[in-house]
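Down below is the structure, laid out as structure tokens.
Values quoted throughout were computed directly from the atomic coordinates according to the rules given, and no laboratory measurement underlies them. Note that this is a predicted model, so its numbers are computed, not measured. Don't worry about glycine lacking a Cβ; one is built from the backbone with ideal geometry, like all the others, and counts go over all protein chains shown.
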Amino acid sequence: ARMREDHVRTLADLNAVIAAAEPFVTGGTRAVLGEGPLKPSLAFVGEQPGDQEDVQGRPFVGPAGQILARAMAEAGIDRDACYLTNAVKHFKFEPRGKRRLHKSPTAGEVRHYRWWLDKELDLVAPKLIVALGATAVQALTGKALPIIKTRGPFDFNGRAGFVTVHPSYLLRVPDEAAKREAYAAFVEDLAAAAALAR
Ligand code: URA
């Protein structure tokens, strides 16, 4: 596969390679490709497609994507002007009855997908990369870093970046007041990232 990847010149070339590749994680029926314009102010990197993303074949269309869209709007960010993608291109899951339970990718799985993400970001060339959560940070730095401590502007090996939480984390905060606070902090992060990319 690497041989063919050497000939990748455009995002369309890269997407063709990704779409044709076997999933490297258990589950995932199809690759979910990044979406959005080239040379955007902001590119968002998530973890992996979820159930809805796998069904629809588009990134951030499920519950986490809806929170992200709402937060972007509140932060004054035009979602259509941003590039959205994931560290891992396939949905990793475990069947549980009729449901498909999300499984976090291992460090090795994240590493496997890194070449693609790196190339993708070269080709998309955003002004600033927003890493959503630990998997994105792992993919962008090669390191396991604590998100809450790392949160804020961040240099991803020479690329301007910003670290924040994953929107699905906001769905899991159990206490209502804490959830509202976490969401407000997320909106603030997005606004700060947008200001840096201006
Ligand atoms: N969570 C992600 O990290 N990415 C998606 O595309 C959807 C949910």
Computed on alpha carbon atoms, what radius of gyration and Dmax characterise the chain, expressed in Å? 15.9, 52
Roughly how many nanometres apart are two label points built 7 Å out from the Cα toward the Cβ at residue 144 and residue 173? 2.5 nm
How far, in nm, would the chain grow between residue 122 and residue 191 when pulled straight, counting 0.36 nm per residue and subtracting the alpha carbon separation? 22.5 nm
Shape descriptors of region 65-137 over alpha-carbon atoms, Rg and Dmax in angstrom, are 14.5, 43
Inter-probe distance in nm under a simple model that places probes 7 Å from Cα toward Cβ, at residue 9 and residue 21: 2.1 nm
hull vol. (C-alpha, convex hull) per residue for region 36-104, Å³ -> 85 Å³
With 0.36 nm assigned to each residue of separation and the Cα-Cα distance removed, residue 99 to residue 114 gains 2.6 nm
GNM flexibility winner over the chain from 86, 15, 157 (Cα, springs under 10 Å): 157
Of the candidates 66, 48, 138, which one comes out as most mobile in a Gaussian network treatment of the chain with C-alpha springs shorter than 10 Å? 66
Given the -39500 (n - 2.57) contribution per DSSP H run of 4+ residues, what per-residue ellipticity at 222 nm results for the chain, rounded to the nearest 500 deg cm²/dmol? -13000 deg cm²/dmol
Among DSSP beta bridges whose residues both lie in the chain, state the antiparallel percentage, nearest 5. 50 percent
Cβ crowding within 10 Å averaged over residues, with 67-73, 52-58, 101-107 ranked highest first: 67-73, 52-58, 101-107
